[in-house]
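Heads up: the structure comes next, in C-alpha cells.
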Amino acid sequence: MQEIREYVTIKKEQIKAYVGTLTLKPKLVIVQVNEDKASCAYVNGKLKDLNEIGAIGELIKLDTSITQEELLNVIKGLNEDETVDGFIVQMPLPSQIDEEIIKRSVDPIKDVDGFNPLSTYLSATSKGILTYLEDNNFEFSGKNAVILGRSNIVGRPMHDILLNKNMNVTILHSKTSEEDRKFYIEHASLIVVAIGKKYYLDNRYNYRDDCVVMDVGINRDIDNHLYGDCIPTLNVKFQSPVPRGVGLLTRLSLTLNLIECYKRRHNL
C-alpha cells in the first residue's frame, strides 16, 4: 500500500493541474459554528488545500450562540449564491441546533460533505478510504470487512459502500460480545475503526495476513498529541497512521467532491 501522505500529494498535484486550466476557479465555503480544536485544525487544513490547488476557499465563522433559524438563513443564502460551487457546515454544532435539520437544509448539489440524504456525493471520509483502497488495488469482492463504530458520519455510510463493493460487512459496537468481536475481527481482511477511543484496537487479536486497518480515530492527550483508535504497531499487512492518515484522505475527498460539483454546475 502506498504511503498516504505521498498518495495525497500526487492526487493534489493532479487536481492543481486541472484547476490551472480553468478561467473561473472552484469556490468552497466552510461554515463553522464551534471552537472545537479538531474542527479548527481540519478547517485550517482544508483552506490550505484549496489554496494549494488554486481554488477559492472562504470561512464563515459564526458565534456559537447563533439560533437555528439564523443558521438556516445563512445556509439558504449559500444555496442560492451562484458564485459558490459547494459548501460544508462543519460539525459539531452547538446544542441548540439540530444537526440533522442542518444537514438536510444544504442543497444536495452543493453538499460536498455528502451529509444530506439526497446528496449526490459520498461522505468525504468514506470516499477517501474507498478511493485510496481502490487506487492501491485492494481486493474487495467476497472478502470480510469489519467496521468498529456505527456513526452516521463514518460507520453506516462505510457499511453501505463496502457492501456495494461485494464485501461481507459486519458492524461491531458497544453491545457486541467479546467472543463475537474476536471472531469477526480475526476473519476480516479490512477493518475500519471509528469509535474515538485511544488505542482501542491492539494485538490481542490474531489478524489475517492480508488484513488492512483504516484508523479513523482522532484522540488528544493533555499535551495535545494526536493518537488513533489503534496502537501504531498492529500485526497487520497495513494500517493507516494517525496523524497524516485518514484525515488527509478526508480532506482530499472533499476537494474531489468540490471539483465534481464544479463540473456539474458548469456542465463540464
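The values are calculated or read from the model by the stated rules, or taken from the named source; none is laboratory data. Here the structure is a predicted model, which means the values were calculated and not measured. FYI the Cβ positions are ideal-geometry reconstructions off the backbone, even for glycines, and counts take in every protein chain you see. Protein only, heavy atoms only, side chains kept; ligands, DNA and RNA dropped before computing areas. Shrake-Rupley method; radii C 1.70, N 1.55, O 1.52, S 1.80 Å.
A few notes on this one:
- Number of positions in region 73-90 that are closer than 16 Å to Pro108 by Cβ and either touching a strand residue (DSSP E or B) at 6+ places or on another chain (Cβ under 7 Å) or surrounded by 14 or more Cβ atoms within 10 Å (Cβ to Cβ) (or both): 9
- Selection within region 136-154 - closer than 27 Å to Glu100 by Cβ, in contact (Cβ under 8 Å) with a residue 40 or more places away in the chain and part of a loop (DSSP other than H, G, I, E, B): Gly149, Ser151, Ile153, Val154
Rundown of residues vs (1) under 16 Å from Phe138 (Cβ atoms); (2) without any contact (Cβ under 8 Å) to a residue 12 or more places away in the chain; (3) touching a helix residue (DSSP H, G or I) at 6+ places or on another chain (Cβ under 9 Å); (4) among the β-branched types (Val, Ile, Thr), yes/no style:
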site: Ile161; (1), (2), (3), (4): yes, no, yes, yes
site: Leu172; (1), (2), (3), (4): no, no, yes, no
site: Phe183; (1), (2), (3), (4): no, yes, no, no
site: Leu190; (1), (2), (3), (4): yes, no, yes, no
site: Val193; (1), (2), (3), (4): no, no, no, yes
site: Lys198; (1), (2), (3), (4): no, no, no, no
site: Leu201; (1), (2), (3), (4): no, no, yes, no
site: Tyr205; (1), (2), (3), (4): no, no, yes, no
site: Arg265; (1), (2), (3), (4): no, no, no, no
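- The residues on offer are Leu47, Leu59, and the sole one that is closer than 30 Å to Pro241 by Cα, open to solvent by less than 50 Å² (accessible area, probe 1.4 Å) and touching a Leu at 6+ places or on another chain (Cβ under 7 Å) is Leu47.
- Here Arg220 does not fit the description of being touching a strand residue (DSSP E or B) at 6+ places or on another chain (Cβ under 8 Å), basic (Lys, Arg) and within 28 Å of Asn116 (Cβ to Cβ).
- From the list Val106, Val112, Val74, the lone residue that is without any contact (Cβ under 8 Å) to a residue 60 or more places away in the chain, β-branched (Val, Ile, Thr) and within 18 Å of Asn257 (Cβ to Cβ) is Val106.
- Those residues of region 191-212 which are among the hydrophobic types (A, V, I, L, M, F, W, C) and under 14 Å from Gly149 (Cα atoms), in sequence order: Ile191, Val192, Val193, Ala194, Ile195, Leu201
- Scan region 215-230 for residues that are free of Cβ contacts under 8 Å to residues at least 12 places away in the same chain and closer than 22 Å to Glu3 by Cβ and the total you get is 1.
- Checked against the criterion of being of a type in the set (A, V, I, L, M), open to solvent by less than 20 Å² (accessible area, probe 1.4 Å) and in contact with a Pro (Cβ under 7 Å, 6 or more places away or on another chain), the candidates Leu252, Leu201, Leu258, Leu226 yield just one match: Leu258.
- Counted as qualifying within region 155-261 are no strands (runs of 3 or more DSSP E), as none has 3 or more residues that are within 30 Å of Ala55 (Cβ to Cβ).
Here is a yes/no grid of residues against (1) open to solvent by less than 40 Å² (accessible area, probe 1.4 Å); (2) among the aromatic types (Phe, Trp, Tyr); (3) modelled with pLDDT of 95 or more; (4) within 29 Å of Gly142 (Cβ to Cβ):
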{"position": "His187", "(1), (2), (3), (4)": "no, no, yes, yes"}
{"position": "Arg208", "(1), (2), (3), (4)": "no, no, yes, yes"}
{"position": "Cys211", "(1), (2), (3), (4)": "yes, no, yes, yes"}
{"position": "Asp215", "(1), (2), (3), (4)": "yes, no, yes, yes"}
{"position": "Asp221", "(1), (2), (3), (4)": "no, no, no, no"}
{"position": "Gln239", "(1), (2), (3), (4)": "yes, no, yes, yes"}
{"position": "Gly245", "(1), (2), (3), (4)": "yes, no, yes, yes"}
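- Subset of region 10-35 [within 17 Å of the chain's Cα centre (by Cα) and open to solvent by 10 Å² or more (accessible area, probe 1.4 Å)]: Lys11, Lys12
- Yes/no for Gly142 being crowded, with 20+ Cβ neighbours inside 10 Å and not hydrophobic (A, V, I, L, M, F, W, C): no
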